[in-house]
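Enquirer: Got a structure for you, questions after.
The values are calculated or read from the model by the stated rules, or taken from the named source; none is laboratory data. Quick caveat, the model's predicted, so the values are computed rather than measured. Cβ atoms come from the backbone with ideal geometry, glycine included; neighbour counts cover every protein chain shown. For the accessible areas, the whole protein counts, side chains as well, though only heavy atoms, and no ligand, DNA or RNA atoms are used. Shrake-Rupley method; radii C 1.70, N 1.55, O 1.52, S 1.80 Å.
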Amino acid sequence: MNNGLVFSGVQPTGNLHLGNYLGAIKNWVDLQNKKKCIFCIVDLHAITVSENRKKLKENSKEVAAAYLASGIDPKKSIIFVQSNVTGHSELAWILSCHTPIGWLNRMTQFKDKAGKNKEKAPLGLYSYPVLMAADILLYKSSYVPVGEDQKQHLELCRDIAQSFNRYYENEFFPIPEPIITGSATRVMSLKDGTKKMSKSDPSDYSRINLTDSTDELRKKILKAKTDSLPFPDSDQNIENRPEVNNLINIFCAMTDSRKELVLKDYSGKDFKKFKEDLCEIVNQKISVISAEMKKLLEEKGYLDSILNDGIKKANEIALDNIKEIKKIISFYRI
Ligand code: TYM
């Protein structure tokens, strides 16, 4: 790893869940001790889906609270809300002129989200990955810690950065590397191990929210789908058992333990015991985060002051870089 910046973000769409925590935020907490990090609340992305446009302000603050409650330290990292730094939209336009439509046509997330109604999908949903590339490149970031579902968007971001650099014959943008680490880079639904745990799943029983109470957590984990086979004692015995695999991965990620050891500890025991222990482990962590989130959200003015400071710092970097980018493109200036 070089000295480059780390950038990542979460959409303020409500229902922050264990996948967001284990796939992204948990890994950021470690990274901030090693690198300069910028963590964004990407509200411009959230408005690409109409249902998300309603409680933007509250949801943005909730994400900020989740960052802090999970251990992101505003003295070490920049935390801010995307729409307050105009460089994101400005660079997204510039980069869209370096993005062939064919590249966007390959994006599976657009296909999933637009569904059968592609003709009626908003343009913003289609060009979403270009805005994501702009988020990262605006700060000339080198590393992007995310869950596995963002891999394709990051590959596109790298292609766009290379395309810009090639066109202007310079190395202005670093080519950012994804950081996809941990045992739970893709946390699956508790009801269907072949589907990603997601904010938009209509069933609340499919996910563990960061704001769930101890009771809710317990019910969800104890009811999580498994199968009638015994607890696996090796990787081979997990094959074709996506729900079991998911719960074990969550266990490993929450306890930072290796899979072989967890399999050894529980082999021969029944799932009830494993699930009881998993409840305990998840609850220990999540109850602390949710209590802290609640406290931060009730503390008047505190989150605003952190975000205000973050906006100023992010804007300083963004303005400098946008100036450079405009010089490279040779836009008219007085
Ligand atoms: P979003 O808001 O959907 O998710 C935020 C982060 O959580 C990860 N994640 C998961 N990880 C593991 N298992 C899951 N089930 C799961 N669900 C979500 C995501 O991978 C992500 O890291 N496009 C991004 C937001 C974004 C962004 C950026 C990220 C906009 N600009 C620039 C990095 C850099 C998104 O929709 O994340």
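Enquirer: Counting alpha carbon pairs within less than 8 Å and at least 6 residues apart, what relative contact order, in whole percent, applies to the chain? Numbers along the way, then the final one.
Expert: Numbers: 489 pairs, mean separation 77.8, N = 334.
Relative contact order of the chain: 23 percent.
Enquirer: Kirkwood hydrodynamic radius of the stretch 19-97 from all distinct Cα pairs, in Å? Spell out each step's value before the answer.
Expert: Working: mean 1/r = 0.0725 Å⁻¹.
About 13.8 Å, per the Kirkwood formula over Cα pairs.
Enquirer: When the helices in the chain are scored as -39500 (n - 2.57) per DSSP H run of 4 or longer and the sum is shared across all residues, what 222 nm value do you end up with, to the nearest 500 deg cm²/dmol?
Expert: Values: 13 runs with 168 residues, N = 334.
Mean residue ellipticity, 222 nm, calculated: -16000 deg cm²/dmol.
Enquirer: Can you give me the long-range amide H partners of HIS17? Hydrogens built in the peptide plane at 1.01 Å from N, cutoff under 5 Å, separation of 5 or more residues or another chain.
Expert: Under 5 Å from the amide H of HIS17: LEU210.
Enquirer: Further question on the same structure: So for the pair ALA291, GLU239, with labels modelled 7 Å out along Cα→Cβ, what separation do we get in nm?
Expert: Reported label-point gap for ALA291 and GLU239 is 4.5 nm.
Enquirer: Let me ask something else about it. Take the alpha-carbon positions of the chain, form their convex hull, and give its projected area averaged over all directions (one quarter of the hull surface) in nm². Could you put the intermediate results ahead of the total?
Expert: On the way: hull surface 74.2 nm².
Projected over every direction and averaged, the Cα hull of the chain covers 18.6 nm².
Enquirer: Considering the zone a paramagnetic label at ASN15 would reach in this model (a point 7 Å from Cα along the Cα-to-Cβ line), which residues of the stretch 32-76 have amide N under 12 Å from it?
Expert: 51-52
Enquirer: Would you mind checking the tilt of helix 123-138 against the longest principal axis of the Cα atoms of the chain, expressed as 0 to 90 degrees and rounded to 10?
Expert: It is inclined by approximately 80 degrees.
Enquirer: By accessible area of protein heavy atoms, probe 1.4 Å, what ranking do GLU171, GLU324 get, highest first? Please report the intermediate quantities before stating the final value.
Expert: Values: GLU171 160, GLU324 80 Å².
Listed by decreasing accessible area, they come as GLU171, GLU324.
Enquirer: Follow-up. Please give the FRET efficiency for LYS312 paired with GLU276, using the beta carbon to beta carbon distance and R0 = 45 Å, rounded to the nearest 0.05.
Expert: Working: r = 48 Å, r/R0 = 1.06.
Approximately 0.40, to the nearest 0.05.
Enquirer: Another question, then. Which order do GLU292, GLU169, GLU316 take when ranked by solvent-accessible area (1.4 Å probe, heavy atoms of all protein chains), largest first? Before the final figure, lay out each step's value.
Expert: Values: GLU292 60, GLU169 160, GLU316 125 Å².
Order by accessible area, largest first: GLU169, GLU316, GLU292.
Enquirer: Then there's this: Can you tell which of SER213, SER183, SER141 shows the greatest fluctuation in a Gaussian network model of the chain with Cα springs below 10 Å?
Expert: Largest GNM mean-square fluctuation: SER213.
Enquirer: In nanometres, what is the gap between the two model label sites at THR181 and GLU58, each 7 Å from Cα along Cα-to-Cβ?
Expert: In this crude spin-label approximation the distance works out to 3.7 nm.
Enquirer: Working with all protein chains in place, sort THR13, THR211, THR255 by solvent-accessible area computed with a 1.4 Å probe, largest first. List each step's numbers first, then the result.
Expert: On the way: THR13 30, THR211 80, THR255 55 Å².
From most accessible down to least: THR211, THR255, THR13.
Enquirer: Under a cut-off of 28 Å between alpha-carbon atoms, report the lysines in cross-link reach of LYS327, not counting same-chain residues fewer than 8 places apart.
Expert: In chain and number order, the partners are LYS36, LYS140, LYS312, LYS313.
Enquirer: Turning to a different aspect of this structure: For the pair LYS116 and TYR167, how long in nm is the line joining their label points, each one 7 Å along Cα→Cβ?
Expert: 3.8
Enquirer: ASN105 to LYS151: FRET efficiency via 1/(1 + (r/R0)^6), r the Cβ-Cβ distance, R0 25 Å, to the nearest 0.05?
Expert: Values: r = 17 Å, r/R0 = 0.70.
So, using R0 = 25 Å, E works out to roughly 0.90.
Enquirer: Can you give me the pair-distance distribution of the stretch 204-296, C-alpha pairs, 10 Å bins, whole percents?
Expert: With a bin width of 10 Å, the distribution comes to 16, 49, 27, 7, 1.
Enquirer: Using θ = phi - 60° and the Karplus form 6.51 cos²θ - 1.76 cosθ + 1.60, what ³J(HN,Hα) does each residue of the stretch 314-325 get, whole Hz, x for Gly and Pro?
Expert: 5, 4, 4, 5, 4, 4, 4, 5, 4, 4, 4, 5
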